[in-house]
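What follows draws every value from the coordinates through simple rules; no lab data is involved. As the structure is a prediction and not an experimental result, all values here were calculated from the model. Here the Cβ positions follow ideal geometry from the backbone for every residue, glycine too, while neighbour counts run over all protein chains shown.
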Amino acid sequence: MSIGNSPEDDRPSIGRALQQARIAAGLTVEEVSSSTRVRIPIVHAIEEDDFSRCGGDVYARGHIRNIARAVGIDPEPLVERYDGDHGGRPAPTPAAPLFEAERIRSEPRRPNWTAAMVAAIVAVVGFVGFTLFSGEEKPSNTAQVAEGSTPDKTAAKPTTKPADPKPVPSESAIAAAPRDKVTVKLGASQGKSWISVKDHNGRLLFDGLLLEGESKTFQDKERIDLVLGNAGAIELFVNGKKLQDRFEPGQVERLTYTKGDPEAG
């Protein structure tokens, strides 16, 4: 007795599903490549279910998403199928340690109002005590002051001066990174965007969705590599400086920034 194939076995492969949707949308491979910025040979390879030319799982997921959107189908089922066929999706690296480090560095810059107030009180109490003690020892000086003579200016001067408060650092100063590192801040100001971030060793720092209104900051001693799935939604700061380049919605961008040239990408 034979057993029939399940509905999942009858589904077209990832590449076949993308190819069928492209043909149904009346698009050529060249048009898909132009709208997604995925090179033509890679589009052909993906339609043949060959993901070896994508450069890794992160880029393969990004290409599948962008091509699916370009041909008008939902990318998530295809990405889930890719993850199931390739060992699942890695968990994103939390960015909390970096934010904690930034908060620790910025705290010493805040003015210590408590210490300044205590120093001022000690100075006033010391001055009053010194004046009273001097008045008991030398009544003639008190009489001279009462008669209008000029008192000793050194005795009337407080011994301790409150420390001048330091200015509270601005948001741009806090965002600025040390010169011996490269710091990249991504903010989703115009909608959500899928992003992938790696350090100079190729270690994955983050791979996932950045929702509208969210922001993340990444830092490395040499280089930060970015892939922006919806670059038009991203507001980009490099080494404390906001970059003015604007990308189109749905545009995929691969960018690299170093500590020496924050505008290089």
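Dipole of the range 26-75 computed with +1 at Lys/Arg Cβ and -1 at Asp/Glu Cβ about the Cα centre; of S52, L27, V38, farthest Cα towards the positive end is V38.
Gain in length, D50 to S189, computed as 0.36 nm per residue apart minus the alpha-carbon separation, to one decimal in nm?
On the way: separation 139, 0.36 × 139 = 50.04 nm, distance 3.49 nm.
Extra length available between D50 and S189 comes to 46.5 nm.
Once the Cβ-Cβ distance between L243 and L211 is put in as r, and R0 is 25 Å, what FRET efficiency do you end up with, to the nearest 0.05? Before the final figure, lay out the partial values.
Details: r = 21 Å, r/R0 = 0.84.
Computed FRET efficiency for L243 and L211: 0.75.
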